[in-house]
Amino acid sequence: MAELEPIEVTLAVTAVLERLGIEYVVGGSLATSLHGVPRSTLDVDIVADLRMSHLQDFVAALQADFFVDADMVRDAIRRRATFNLLHLATMFKVDVFVIGADELITSELARKQRMRVQEQPPASVFVATPEDMVLQKLLWYRAGGEISDRQWADLLGVIKTQGQHLDLDYLRLWAERKEVADLLKRALAEAEVAGI
């Protein structure tokens, strides 16, 4: 189970998204911790299908507990980009990625899984699948010059934990399309999962 603070902050944001009918998926280190090896995280990543029609209600629902800049949110929706929320009580950051035209992100959103993230009171959120987290971590690792030990450890943790449950055909298809097939091959070999 992940740390309490990221979970509580994530639930505060996802509750608003769900109440407003905004499709979303939690990714990043929180998702890899849930699917792989738990570790502390400095922020939470959420991909959301935010539209201009959501702007006013979204900002109003969050502004009591978060620093949220309506102009920054509006600009991110317009550009299909990223904006940040800052939880005032904890100063914990939430990065919200507004969904754009990327086919992998569209697939990630369609394949999301509801996972329990808190027992008392029971609470769950939509989380990216293990396969999609491996792919995203491969992309971030490559984009970062292939030097981030943390990104690499995250994706290996997911592969080792999920093992035979991974959809290798899906992984290989998207790794080829996103030009990270070489990194996937290396990761599968390093994870030493039987039968992979």
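Some points to look at:
- Some residue of the stretch 134-142 being exposed (fewer than 15 other Cβ atoms within 10 Å of the Cβ) and over 13 Å from the mean Cα position of the chain (by Cα): no
- When we screen 109, 42 for residues that are under 20 Å from the mean Cα position of the chain (by Cα) and loosely packed, with under 13 Cβ neighbours inside 10 Å, the only hit is 42.
- Restricting the search to helices (runs of 4 or more DSSP H) fully inside the stretch 103-196 and requiring at least 1 residues that are in contact with a Gly (Cβ under 7 Å, 6 or more places away or on another chain) and outside the structural domain of residue 40 (by TED's automatic domain parsing) gives 130-143, 149-162.
- Checked across the stretch 64-84, the condition of being of a type outside the set (Lys, Arg), closer than 18 Å to residue 135 by Cβ, touching a Gly at 6+ places or on another chain (Cβ under 9 Å) and outside the structural domain of residue 139 (by TED's automatic domain parsing) holds for no residue.
- Filter pass, residue 150 being surrounded by fewer than 17 Cβ atoms within 10 Å (Cβ to Cβ) and either touching an Asp or Glu at 6+ places or on another chain (Cβ under 6 Å) or closer than 14 Å to residue 26 by Cβ (or both): no
- Residue match in the stretch 44-66 (condition: among the aromatic types (Phe, Trp, Tyr) and part of a helix (DSSP H, G or I)): yes
- Every residue from the stretch 132-171 that is in contact with a Lys or Arg (Cβ under 7 Å, 6 or more places away or on another chain) and at pLDDT below 90: 151
- Filtering the stretch 68-78 to residues that are surrounded by 14 or more Cβ atoms within 10 Å (Cβ to Cβ) and either in contact with a strand residue (DSSP E or B) (Cβ under 8 Å, 6 or more places away or on another chain) or under 14 Å from residue 92 (Cα atoms) (or both) leaves 68, 69, 72, 73, 76, 77.
- Residue 9 being out of contact with any Gly (no Cβ under 7 Å at 6 or more places or on another chain), buried (at least 23 other Cβ atoms within 10 Å of the Cβ), over 20 Å from residue 139 (Cα atoms) and in contact (Cβ under 8 Å) with a residue 40 or more places away in the chain: yes
- Criterion (under 28 Å from residue 131 (Cβ atoms) and touching a helix residue (DSSP H, G or I) at 6+ places or on another chain (Cβ under 9 Å)) met by exactly one of 23, 8, 18: 23
- Some residue of the stretch 168-176 being in contact with a helix residue (DSSP H, G or I) (Cβ under 7 Å, 6 or more places away or on another chain) and either within 20 Å of residue 42 (Cβ to Cβ) or of a type in the set (Val, Ile, Thr) (or both): no
- Restricting the stretch 32-54 to residues that are at pLDDT 90 or above and small (Gly, Ala, Ser), the residue that is nearest to residue 130 (Cα to Cα): 48
- Filter result (β-branched (Val, Ile, Thr) and part of a helix (DSSP H, G or I)) within the stretch 1-40: 7, 9, 10, 13, 14, 16, 32
The values are calculated or read from the model by the stated rules, or taken from the named source; none is laboratory data. Since we're looking at a predicted model, the values are computed, not measured. No Cβ is skipped: glycine too gets one built from the backbone with ideal geometry, and neighbour counts run over all protein chains shown.
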